[in-house]
Amino acid sequence: MNHLIKHHIKHHITRRQSLTLIGATLAAMALPTASLFANTGGMRQKAFAGTDKKLPVIGMGTWRTFNVGNDPELLDERTEVVKAFFEYGGGLIDSSPMYGSAPDVMGYALQELGTPESLFSAEKVWSPAGGSAREQVAELKERWKVEHFDLVQVHNLTDWREHLAALQEMKAEGTICHIGITTSHGRRHSEIEQIMTSEDIDFVQLTYNITHREAENRLLPLAEERGIGVIANRPYDGGNLIKNLKRRDAPLPEWANEECGCTTWADFLLKFIVSHPAITCAIPATTQVEHLRENMRAGHSPMPSADARQRMVAYIESL
């Protein structure tokens with residue numbers, strides 16, 4: 001808009017025309033951010049686990065960010081983040097008993113906001129949390145204040161045989177909808193591959209981002225082959241990746257906007273992840289509504305092509 005104003009003033013438009021154009025510009029700037037999203041046709045969604053169900057490609061993680069205890073101010077701040085997440089088309093929220101008070105904070109937020117139909121609740125069972133898988137799921141439902149979980153995963157493969165057997169029984173009973181396993185930091189890929197090949201699971205959660213692409217070698221093709229949904233954790237490498245790019249004031253390449261609609265580093269890094277055909281969604285975590293908004297925008301079209309993805313990797317490696 002600023003470019004258009006300068007262009008028209010340069011060509012001596014009337015004062016009345018100038019005021020009209022400037023007024024339109026200010027009105028556009030004042031529009032709610034949600035209206036800016038509307039022009040892109042909505043959040044991209046992908047089918048998962050061999051079903052006709054679809055998930056928005058940008059979800060939300062709660063590791064570190066939602067472990068705020070009982071602090072009233074921080075509870076309300078996280079509630080605003082959750083509210084914005086759903087306003088901008090979010091679905092999957094991932095948590096774990098390993099994340100301290102995060103499940104309780106989600107319960108607080110959902111109690112304040114109500115539980116939207118779009119919520120896809122993803123939790124985990126974890127041996128150090130104590131109790132059996134059934135006991136943990138029951139406790140976590142109370143903490144979240146939900147009637148069921150859409151997905152329960154075995155956290156970092158701890159006692160996975162015992163926990164996965166219990167989760168498979170609970171899925172058969174209809175107590176939970178989907179089951180899966182998780183890993184992070186690129187660890188235990190061989191064991192993940194074994195489980196994906198031999199066990200009946202719906203999701204695998206693993207680390208995948210533009211600088212950690214080990215999963216491309218075998219796990220992502222296997223997920224496509226087996227019809228297993230993939231949740232990408234650590235999309236910003238625990239925050240280090242995007243912080244370093246911003247700290248170094250690294251410029252976005254011009255072609256990234258032209259080809260992929262990238263106007264921020266959040267766009268660039270998240271679009272790279274969710275444009276991979278095997279990835280169901282990515283789960284960036286944040287404490288700020290402004291950053292949440294950037295994350296959600298990345299889930300909108302256009303998405304990078306296979307050639308553009310290669311250029312994105314080469315550009316990051318060149319910095």
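Structure summary
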| item | result |
| --- | --- |
| Region 227-247 residues that are under 30 Å from D200 (Cα atoms) and without any contact (Cβ under 8 Å) to a residue 40 or more places away in the chain, paired with ones that are of a type outside the set (A, V, I, L, M, F, W, C) and open to solvent by less than 20 Å² (accessible area, probe 1.4 Å) (beta carbon under 8 Å, 6 or more apart) | D237/N209 |
| Any chance E254 is of a type outside the set (G, A, S) and more than 24 Å from L157 (Cα to Cα) | yes |
| V146 open to solvent by less than 10 Å² (accessible area, probe 1.4 Å) and either part of a loop (DSSP other than H, G, I, E, B) or on the phi < 0 side of the Ramachandran plot (or both) | no |
| Test: L140 is closer than 25 Å to S190 by Cα and touching an Asp or Glu at 6+ places or on another chain (Cβ under 7 Å) | no |
| Total residues in region 185-211, condition modelled with pLDDT of 95 or more and closer than 24 Å to L269 by Cβ | 11 |
| Extreme residue, modelled with the highest pLDDT, among residues of region 30-44 that are under 29 Å from I228 (Cα atoms) and surrounded by fewer than 17 Cβ atoms within 10 Å (Cβ to Cβ) | G42 |
| Boolean, A266 is in contact with a Cys (Cβ under 6 Å, 6 or more places away or on another chain) and without any contact (Cβ under 8 Å) to a residue 60 or more places away in the chain | no |
| Helices (runs of 4 or more DSSP H) lying entirely in region 223-319 (those with 2 or more residues that are touching a helix residue (DSSP H, G or I) at 6+ places or on another chain (Cβ under 9 Å) and open to solvent by 10 Å² or more (accessible area, probe 1.4 Å)) | 240-247, 254-260, 289-297, 306-318 |
| Selected residue (only one of S132, S95, S118, S127 is among the polar types (S, T, N, Q), in contact (Cβ under 8 Å) with a residue 12 or more places away in the chain and within 22 Å of R297 (Cβ to Cβ)) | S118 |
| Candidate set from region 49-96 (those that are in contact with a Leu (Cβ under 6 Å, 6 or more places away or on another chain) and outside any helix (DSSP H, G or I)); member that is surrounded by the fewest Cβ atoms within 10 Å (Cβ to Cβ) | V68 |
| Residue within region 157-169 that is among the acidic types (D, E), at pLDDT 95 or above, in contact with a Lys or Arg (Cβ under 7 Å, 6 or more places away or on another chain) and open to solvent by 50 Å² or more (accessible area, probe 1.4 Å) present | no |
| Residue selected from region 97-141 under the condition assigned to a helix (DSSP H, G or I) and polar (S, T, N, Q), by the criterion modelled with the lowest pLDDT | S127 |
| Tally, over region 45-60, of residues that are at pLDDT 95 or above and in contact with a Phe, Trp or Tyr (Cβ under 9 Å, 6 or more places away or on another chain) | 6 |
| Residue count for region 192-208, restricted to those that are of a type outside the set (A, V, I, L, M, F, W, C) and either in contact with a strand residue (DSSP E or B) (Cβ under 9 Å, 6 or more places away or on another chain) or open to solvent by less than 10 Å² (accessible area, probe 1.4 Å) (or both) | 6 |
| Pairs with Cβ under 9 Å, 6+ apart, first in region 186-197 and under 17 Å from G227 (Cβ atoms), second of a type in the set (F, W, Y) and open to solvent by less than 80 Å² (accessible area, probe 1.4 Å) | I195/W160 |
| Test for T286: is it under 16 Å from G239 (Cα atoms), of a type in the set (V, I, T) and either at pLDDT 95 or above or out of contact with any Cys (no Cβ under 9 Å at 6 or more places or on another chain) (or both) | yes |
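The values are calculated or read from the model by the stated rules, or taken from the named source; none is laboratory data. Because the structure is a prediction, the values reported are computed rather than measured. Please note: Cβ atoms are built from the backbone with ideal geometry, for glycine as well, and neighbour counts cover all protein chains shown. Side chains included, ligands, DNA and RNA excluded: accessible areas come from the protein's heavy atoms. Shrake-Rupley method; radii C 1.70, N 1.55, O 1.52, S 1.80 Å.
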